[in-house]
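The values are calculated or read from the model by the stated rules, or taken from the named source; none is laboratory data. The structure displayed is predicted, hence computed values, not measured ones. Every residue, glycine among them, receives a Cβ derived from its backbone with ideal geometry; neighbour counts consider all protein chains shown.
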Amino acid sequence: MTLGEMGQRLSLAGRRALQRRRGHFDSLGHKLDALSPRRVLDRGYSLSFTADGRLLTDAAETKAGDQIRVALRRGEIAATVDVVTDGGVGQPRQGTNADQAAEAGPSTRGQVAESGVDS
């Protein structure tokens, strides 16, 4: 094998390695994009925040009567918590649904504001 042939093989191996790395990098970029908050909202999910702006991740962080914000793909909803459940849909955490709704008082359903969520 001549020096020229060795140089060609080395060059080809370098290009292939670079292509593999680029493919892997592109794949990671697509995965990261899919997980961005904006893309999550685009798929129909929402993000809920406490009155002081903390992201809600557990129903136990709220109680009947608390004010929350719900960010959607377009806009936000200001809402009042009527009932809190944990563990499963429809399972009251404390009291009954009627008790929690009575404690919460009037609701602010339907108030919509422009979205302030950034990706």
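State all residues of region 1-24 that are within 36 Å of the chain's Cα centre (by Cα) and aliphatic (A, V, I, L, M); if no residue qualifies, say none. Spell out the reasoning first.
From region 1-24, those within 36 Å of the chain's Cα centre (by Cα) are 17-24; that's our starting set.
Scanning region 1-24 gives A17, L18.
Considering region 57-72, the residues that are closer than 21 Å to R38 by Cα and exposed (fewer than 15 other Cβ atoms within 10 Å of the Cβ) include one that is nearest to the chain's Cα centre (by Cα), namely T57.
Listed here are the residues, each with its yes/no results for (1) of a type in the set (D, E); (2) at pLDDT 95 or above.
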site: G44; (1), (2): no, no
site: D58; (1), (2): yes, no
site: A64; (1), (2): no, no
site: A78; (1), (2): no, yes
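For region 42-74, what are the residues that are outside any strand (DSSP E or B) and more than 16 Å from T85 (Cα to Cα)? Within region 42-74, D42, R43, G44, Y45, S46, A51, D52, G53, R54, L72, R73, R74 qualify.
I need a count of the residues in region 28-41 that are of a type in the set (D, E, K, R) and either exposed (fewer than 12 other Cβ atoms within 10 Å of the Cβ) or in a strand (DSSP E or B) (or both). Give the derivation first.
So in region 28-41, the residues of a type in the set (D, E, K, R) come out as 31, 33, 38-39.
Then keep just the ones that are either exposed (fewer than 12 other Cβ atoms within 10 Å of the Cβ) or in a strand (DSSP E or B) (or both); that gives 31, 33.
Number of matching residues: 2.
For region 80-103, the criterion of being modelled with pLDDT of 90 or more and of a type outside the set (V, I, T) is satisfied by at least one residue.
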